Each structure stands twice: as C-alpha cells, then as structure tokens.
Amino acid sequence: MMIEDQVLDAQERIGFKLRGLYSGYGYSRYRMSKFEEYDLYSRNKDFLFSEGVITFTDTNGRLMALKPDVTLSIVKNGRDLPGQLRKLYYHENVYRVSSAEDGFREQTQVGVECMGEVDSACVAEALKLAAESLRLCSEDYVLEISHLGILGAFVDMIATDDKVRDQILQCAGEKNLHGISRVCREHGIAEGAEEPLQALLGLYGPPKAVMPKIRALAEENGAGEYAAELARAAASFAGTEAENRVRIDFSATGDMKYYNGIAFKGFISGIPGSVLSGGQYDHLMRRMGRRDRAVGFAVFLNMLERLTEEGRMDG
Amino acid sequence: MVNIALPKGRLGEKVYAMFAAAGFECPALLENSRKLIFDNEAAGVRYFWVKPSDVAIYVERGAADIGVAGKDILLEYRPDVYELLDLNVGKCRMAVAAPEGFRDNPDRTLRVATKFSRIARDYYSSMGRDIDIIHLNGSIEIAPILGLSDVIVDIVETGTTLRENHLEVVETIVPISARLIANKSGFKFKTAPIERLVSEIRKEVKAE
C-alpha cells in the first residue's frame, strides 16, 4: 500500500526518504526497545550528547533509562563478525536534555551504523550517504570533514595531560585560537608550542584548496599517514555533485575516548546548528569489548522543523 | 549581508567604534532613534543592539551571524558557537570576594552568592570544595554583608564597589573580556564575508 505524501508530516516524509536511501545501499533496519539499563549510560557518560538521562525502576527492580542514544545500544547488543560487515539503519526517538533549555525533549533521529571489517571504502560510503542525506533535506548544505588522528597528533605535541588536552580540544571546536594560547600559558607550556595546531585549525575550506597544505603540515609533524586517509576520503567526492559542498575543517572534533579517524558534521543553510554528526568510533567499540571497527552518523530530524515550515525541503 | 548582534551599553559602543574603524560603519546606529535594525548594504553588514546577556542566544540560534559577548556569558551559558577573536576590550575578571579578613572554614559548606552559578560550581568542584550556591540576579555584594552568604563570585572591574562595602578579592577565577563569536552554521555559508570582517577587526584589536 502506498502512503500518500500529504498524510505525512515533513519530519516523517524526510525520515522515510532517508530510510529508503539507506535501505537502497544495503543497510537493514535495526529496531530497539525504548528502554535500556541505566548502567550502560553511566559507564559511557561522555559519549552522550547531553548530560542527564530519564530513569525509572523496572518491575524487577532494575534501574532502567529511556534511551538518550542509539549507537551505544547497537554496539552493546551486537557481536563481532570477523571478516564481515554489518550495515544497519535506525529511525528512533531519543530523550535528551536540550542544551538551550532545562528539561528533557524527545528527539527523532535517523542514522546508519556500519560495523565489522570497516575499511576506507566503508568510510567513503558513509560520507557519501551523509552528503546524500543532507541533499535530500536541502540543496544548500555543507558537509564538513575532519580527521581526529591528525588533530590528536597535533594536540599530543602540546600536552599529554588529559585535562589540558580536553581544554585545548574544546578551544579547537570553537575555532578559539587565542584560547589555545591562553590554556598553554596557564599550564606552563612553552611559547610557540601551539603554533602547528593553530596553523592546522586555520586550514579550512574546500579540499582542493586546503588538502595540499594540510598534507604538508601533517607530514612535517608526523601525521602524514592520517592526512593521506583524509585526502582519500575527500577525494571520494571528486567529480561528484557533492564536491562543492564538502569542506575540510578541524573544528569538527569529537571525544577521542570514543571516536577516531574521520569525523564529520552536516549543516544546512538557515538551520543554526549541525543537523548531522558522525564518524569512525573504533575506540567506543574497544571500550565495549568489541574488536570490530565502526563508522556511522545520525541525522537530527527535529533540527529540520524550521526548514520544513518554510517549505524548502525537497518533495 | 552579515547580521551582527552588539551588546547595548558602553561596551557595545566601544565595540562598534572598532567595527566602524575597520570599515564597517553605520552612523545611524549611534543616533537616538527608535529603529532597532541598522543596515549598511555597501559594507554588507546589518547591526542590532540586544541585551548583553542575550547576544550569545541570538548568535547560537542563528538570528545573528556574529556578535560580541563577554567571556563571562560564554562560560556561564556555554553556547555552541565559534569564538573567533578576543577583542581585548571590556576587560575585567571573574573573582571570589569576601568580607575583609575572611578566613574559609573547610569544615563547613561554603555559601556562595552569585549570578554565575555554573562558573562558581565548576570552580569549586575543581578544588573538591563543597558549596551551597545562592543564585541572585543583582546587588550580589550585599549578600555577605547581610550574612546571606560567606563569599560572592562576581565580575570585578576596578574593585571600587567591593572596597566601599569592605569586601576584597580573595581569588581570581578567570580574566574576562569581550569576544567576537559566530554561529557555526552561518559561518559555513557566509565564510568569505565573515572572514573579511574578522581579519579587518583583528587589525583594530589593541595588544594586551
């Protein structure tokens, strides 16, 4: 039975379109319960988008939570598949504290996760799907790509203490170059030690324009291999319609306890925050006792509300 | 057109002078009128005055592409924005102040009156000190005088108000100044005009 477009609201429409897209690429639907044991989130607090989880005691006395995140559950409930790939997509509600207001909000997410023998082709496919997901929402989008291996190597040259590294990474995410210098001086780090990182953060823009400089800078600072990975990921867009929509930007950071390698964020003109976020999360897999590698992303459908009101969404 | 939220008041006027000197002037902005939004199409800028504590909200929510906000506001509300420049104006410090001769008794929970609950909580939790936050919206200095709190966490510029009320700074938490912030998404779609503006304004920033 066909469902007519007019009976769906805009979020449902785009949600179904994305599901169609992922399914066409061989991803199968992953369904899950709304609840998960709270322990999973208390052990991985930093992975969550927001602090705070809605909890309740189940009839058997276990402390449960309304899901604030989908990826953790998929990782926890899966098992390693040596030599294989598991490609999943989901369309779920999560419950998070909104950063802008005090209180929980129900948010709808559609996303993909690819786990197993993840290689550069899988990462390229995730990036391609991310760009295609954004294009389904609006033609006027930007997909911003970064590499946490490069960023981590440049931060390692400045500081090894986790607290200082976190402060530096926070500044990197804010394009706050003066803040990086301030953190360094406060912790007695030699003047000038932060300059390579500041130079790296200053190199943002279309891959063709910035990639040669990034590769040179990364090679000088012992991160050439990672830069080659980033170059390969960016090159996967060469000659495609999405090429002009891709930017390299190292302010797309992530918690390195969970993420590694390629990280990316998606933006749509007129929507104030990122509508898509993803990357490789092998470190999360290790923390959860898994040996597989993984890459994935989520599209935040609630963020698209404004766009749909103005009728700019495709279809 | 780059939309710019400026903080109303003395700091905003000082910051506008930097924008004007950098080539982004809009003289109508300083006229005494009821207008709320001011354009200079040739320079590609549109200004509006907002309450200083609201600038970060306008920028985070995308109503403004860039804006100028105090570091105190950015630390307290942690908006998801880029912090592109330290303008080195509006300089002051976030500090702990207490009645003259105050000695902290670590056996007791420290009562802290402040408008900046998050900054105070983060500061004391980094030292492992148990505190009771008393959130006030103004006239913070009166709290320890009336015995409402032991200390205050507040912005200190010259220290005159503190001295007149027999209070003194016991600890500086962080230096504060005005910062040029940008909406993350707006920056992606207006990169060239925002970069041009930042680069011109950087020339107007006086060294520390």
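What the table below lists for this structure:
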quantity	calculated
Residue in segment A:179-197 that is of a type in the set (A, V, I, L, M, F, W, C), away from every other protein chain (no Cβ under 11 Å) and under 30 Å from A:L304 (Cβ atoms) present	no
Unmet criterion (only one of (1) closer than 30 Å to A:A121 by Cα; (2) surrounded by 18 or more Cβ atoms within 10 Å (Cβ to Cβ)) for A:P206	(2)
Verdict on B:L29 being away from every other protein chain (no Cβ under 14 Å), touching a Gly at 6+ places or on another chain (Cβ under 8 Å) and assigned to a helix (DSSP H, G or I)	no
Pairs with Cβ under 6 Å, 6+ apart, first in segment B:181-198 and closer than 17 Å to A:N176 by Cα, second among the aromatic types (F, W, Y) and assigned to a helix (DSSP H, G or I)	B:I194/B:F187
Some residue of segment A:248-257 being basic (K, R) and under 15 Å from the mean Cα position of the chain (by Cα)	yes
Only one of B:A56, B:A42 that is more than 10 Å from chain A (Cβ to nearest Cβ) and surrounded by 23 or more Cβ atoms within 10 Å (Cβ to Cβ)	B:A56
2 or more residues closer than 19 Å to B:F187 by Cβ: qualifying helices (runs of 4 or more DSSP H) within segment A:121-232	A:162-173, A:177-186, A:195-201, A:207-220
Residue match in segment A:235-245 (condition: of a type outside the set (D, E, K, R), within 18 Å of the chain's Cα centre (by Cα) and either closer than 25 Å to A:H283 by Cβ or assigned by TED's automatic domain parsing to the domain that holds A:A294 (or both))	no
Single match in A:L21, A:L88 (criterion: surrounded by 13 or more Cβ atoms within 10 Å (Cβ to Cβ), in contact with a strand residue (DSSP E or B) (Cβ under 8 Å, 6 or more places away or on another chain), in the same structural domain as A:E305 (by TED's automatic domain parsing) and of a type in the set (A, V, I, L, M, F, W, C))	A:L88
Failed item in (1) farther than 30 Å from B:F24 by Cα; (2) away from every other protein chain (no Cβ under 14 Å); (3) not in a strand (DSSP E or B), with B:G90 passing the rest	(1)
Helices (runs of 4 or more DSSP H) wholly inside segment B:131-208 that include at least 3 residues being more than 12 Å from every other protein chain (Cβ to nearest Cβ) and of a type outside the set (D, E, K, R)	B:142-145, B:160-164, B:191-202
Number of the condition not met by B:A22 [criteria: (1) small (G, A, S); (2) in contact (Cβ under 8 Å) with a residue 12 or more places away in the chain; (3) touching a Pro at 6+ places or on another chain (Cβ under 9 Å)]	(3)
Identity of the residue in segment A:232-278, more than 14 Å from chain B (Cβ to nearest Cβ) and in contact with a Ser or Thr (Cβ under 8 Å, 6 or more places away or on another chain), that ends up farthest from A:A131 (Cα to Cα)	A:R232
Within segment A:74-126, considering residues that are of a type in the set (A, V, I, L, M) and over 18 Å from the mean Cα position of the chain (by Cα), the one farthest from A:G24 (Cα to Cα)	A:A100
Those residues of segment A:242-266 which are free of Cβ contacts under 8 Å to residues at least 40 places away in the same chain and either surrounded by fewer than 14 Cβ atoms within 10 Å (Cβ to Cβ) or basic (K, R) (or both), in sequence order	A:N244
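The values are calculated or read from the model by the stated rules, or taken from the named source; none is laboratory data. The structure presented is a predicted model; accordingly, all values stated were derived computationally and were not measured. No Cβ is skipped: glycine too gets one built from the backbone with ideal geometry, and neighbour counts run over all protein chains shown.
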